[in-house]
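The values are calculated or read from the model by the stated rules, or taken from the named source; none is laboratory data. Remember, it's a predicted structure, so these values are computed and weren't measured experimentally. We place every Cβ from the backbone using ideal geometry, glycine too, and count neighbours over all the protein chains shown. Accessible surface areas use protein heavy atoms only, side chains included; no ligands, DNA or RNA. Shrake-Rupley method; radii C 1.70, N 1.55, O 1.52, S 1.80 Å.
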Amino acid sequence: MKTWLITGCSSGIGKGLAKAVLKSGDQAVVTARNKEKVMDLVEQYPDRAIAVSLDVCDQQSIDNAVQAACERFSTIDVLVNNAGYGYRSAIEEGEIEEVEKLYQTNLFGPIALMKAVLPIMREQHYGYILNVTSIAAARSAVGSGYYASSKAALELLTNGLMKEVAPLGIKVMVVQPGAFRTRFYDDASLQGTKAPIADYEKTVGKTRPGNFKNDHMQAGDPDKAGEVIVDVVNKGDLPEILTLGKDAVTAVKATLEAKIAELDKWANVSAQCDYE
């Protein structure tokens, strides 16, 4: 029986994963900024779940969550950094304070959680760390440069971590979802610049919060995503990046193929920089 600590469990993939973990018979520390939003999970599985309020931007909150997990279940076997949100703006429009908040949630919060949990995993010579990113990390879109860069940074950091901790018995994986039926695109969740520039209206404008409707008809099912993640972890053979959703596989594959084609096209130019 594994003990999972999952961030961002109030909705979406985080909630789908928490349900799958508990359904599988494992134990879970289900978290949200307001733990009341995840109490329904605890009520269904009172013997194997605890709810903890966790703000990934607050170190004391992180420490309290890890302590609560260890006090109740003695250890943490799987950490899932799932909490995050989107931000839409042209690069020039981005407010530095808002971008810093975005990075604190999407990158530095997960780093702090990993640093808090790794000593436990190193001591037991066992553990899993899963960092949820996005297909935006593989290819950014208009208006998503800041969000995509926060997720791309988390992916490369995860890639480095997996090589560092593999000899210590710890497995690490990127979870890279495509479009899922979550609240990600809802006006209450998706953030955007408060200082739009008219010159970007024809490009970035249509991507701004409030300028499109989230019809919640995306192909991705958060509950199925949770089941897939649990199954992959339980089988123990983790890919470096687990891309979720047919649309995501298609988009990432096309992006990688285009990059290889461009690399080949310019290979002779690149080679001109070498000593003869």
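Only DSSP H runs of four or more residues enter the estimate; each adds -39500 (n - 2.57), and after division by the residues of the chain the mean residue ellipticity at 222 nm equals -13500 deg cm²/dmol. For the chain, the longest principal axis of the C-alpha atoms and the axis of helix 12-23 are separated by about 30°.
Charge tally for THR203 (other residues, Cβ to Cβ under 15 Å; Lys, Arg +1; Asp, Glu -1): 0. Sorted largest first by accessible area at a 1.4 angstrom probe radius, with every protein chain in place, the residues ARG88, ARG139 fall in the order ARG139, ARG88. Placing unit charges on the Cβ atoms only, positive for Lys and Arg and negative for Asp and Glu, gives the stretch 1-87 a dipole magnitude near 260 debye about its Cα centre. For the stretch 227-276, what class follows from the C-alpha gyration tensor (a ≥ b ≥ c being the square roots of its eigenvalues): rounded when a/c is under 1.5, otherwise prolate if a/b is larger than b/c, else oblate? Note, shape of the stretch 227-276 comes out oblate. When a 1.4 Å probe is rolled over the protein heavy atoms, the share of accessible surface on the chain that falls to carbon and sulfur comes to 53 percent. Using only alpha carbon pairs under 8 Å that are at least six residues apart, calculate the relative contact order of the stretch 112-179 and give it in whole percent. Relative contact order comes out at 43 percent. Computed over the chain, the percent of Cα pairs more than 36 Å apart is 17. Across the stretch 79-157, the relative contact order, built from alpha-carbon pairs under 8 Å that are at least six residues apart, equals 45 percent.
Could you give the angle, 0 to 90 degrees to the nearest 10, between helix 109-124's Cα long axis and the longest principal axis of the Cα atoms of the chain? Tilt of helix 109-124: around 50 degrees. Under the convention that each Lys and Arg Cβ holds +1 and each Asp and Glu Cβ holds -1, the size of the dipole of the stretch 70-169 around its Cα centre is about 340 debye. Its relative contact order, with pairs defined as Cα atoms under 8 Å and 6+ residues apart, puts the stretch 12-132 at 24 percent. Dipole of the chain computed with +1 at Lys/Arg Cβ and -1 at Asp/Glu Cβ about the Cα centre; of GLY12, MET114, ALA69, farthest Cα towards the positive end is GLY12. Computed over the stretch 1-83, the range of Cα coordinates on each principal axis works out to 30, 27, 19 Å, biggest value leading. Protein heavy-atom accessible surface, 1.4 Å probe, per residue over the chain: 51 Å². Given Cα positions, please report Rg to Rh for the stretch 1-141, the hydrodynamic radius being the Kirkwood one. So for the stretch 1-141, dividing Rg by the Kirkwood Rh gives 0.99.
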